[in-house]
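Step one of this worksheet: look at the structure below.
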Amino acid sequence: GRVMDNLTALPREQKLYLAAGGLVLFLVALLFLDWFGPFKASDIDSWWVALVLAAVAGAYFPSEALHFSLPVTGLTTGRALAATFLVFFWTGTHFLDGGSYEIGAWLGLIGSVIALVGAWLVDQDDRR
């Protein structure tokens with residue numbers, strides 16, 4: 001539709017910032033906001049996996065936009081997309097497990113979707 005056409009037409013740098021912004025929103029929700037009742041996402045045993053994946057991908061996307069090399073070898077757009085997908089998957093599975101959703105769960109889900117769309121758009125640009 002029209003929304004996807006508008007997103008596809010964005011310059012690569014804006015798509016990179018879209019992915020990074022979604023991951024920042026996810027990280028804020030993960031670390032500071034309640035997800036289920038009085039529980040934060042960090043009360044879930046596997047929260048650190050999502051933290052590491054989001055931090056790695058979240059560092060990659062803005063560094064690409066700013067043409068800054070990270071001191072990590074082998075980090076590519078495809079691998080950052082995979083990490084972003086795993087963040088979305090982690091959020092989705094824990095979102096489905098919960099019962100009483102708080103603002104953190106909603107913002108975490110929204111952030112992971114935004115990040116995944118941005119990462120996918122960047123990957124599509126790189127494949128052209």
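Assorted remarks:
- Value of relative contact order over the chain, rounded to a whole percent, pairs C-alpha under 8 Å and six or more apart: 42 percent
- Rh (Kirkwood; distinct C-alpha pairs) - the stretch 3-47, Å: 12.4 Å
- Compactness of the stretch 1-75, taken as the C-alpha radius of gyration over 2.2 N^0.38 Å, stands at 1.34.
- In this label model, ASP45 and LEU70 are separated by 2.8 nm, measuring between points 7 Å along each Cα→Cβ vector.
- By the equivalent-ellipsoid construction on the alpha carbon gyration tensor, the chain comes out with semi-axes of 26, 17, 11 Å, ordered largest to smallest.
- Carbon and sulfur %, accessible surface of the stretch 61-106 computed with the full protein complex present, 1.4 Å: 68 percent
- Considering only LEU30, LEU7, LEU96, and ranking their Cα positions along the charge dipole of the chain that arises from unit charges at the beta-carbon of Lys, Arg, Asp and Glu, the one farthest toward the positive end is LEU7.
- Only helical runs count toward this figure. For the chain, summing -39,500 (n - 2.57) over DSSP H runs of n ≥ 4 and dividing by all residues gives -24500 deg cm²/dmol at 222 nm.
- Taking amide hydrogens as placed 1.01 Å from N in the peptide plane, the amide H of PHE36 sits under 5 Å from those of GLU102, each at least 5 positions away in sequence or on another chain.
- Dipole of the chain, positive end: most advanced residue of LEU116, GLY74, GLY58 [Cβ charges, Cα centre]: GLY74
- Remark: the stretch 107-117, residue by residue, has Karplus-estimated 3J(HN,Hα) of 5, x, 5, 4, x, 5, 5, 4, 4, 5, 4 Hz, where x stands for each Gly or Pro and the curve is 6.51 cos²θ - 1.76 cosθ + 1.60 at θ = phi - 60°.
The values are calculated or read from the model by the stated rules, or taken from the named source; none is laboratory data. Given the structure is predicted, the values throughout are model-derived calculations rather than measurements. When we count neighbours, we look across all protein chains shown, and the Cβ atoms used for this are built from the backbone with ideal geometry, even at glycine. Please note that ligands, DNA and RNA were not included when accessible areas were found on the heavy atoms of the full protein model with its side chains. Shrake-Rupley method; radii C 1.70, N 1.55, O 1.52, S 1.80 Å.
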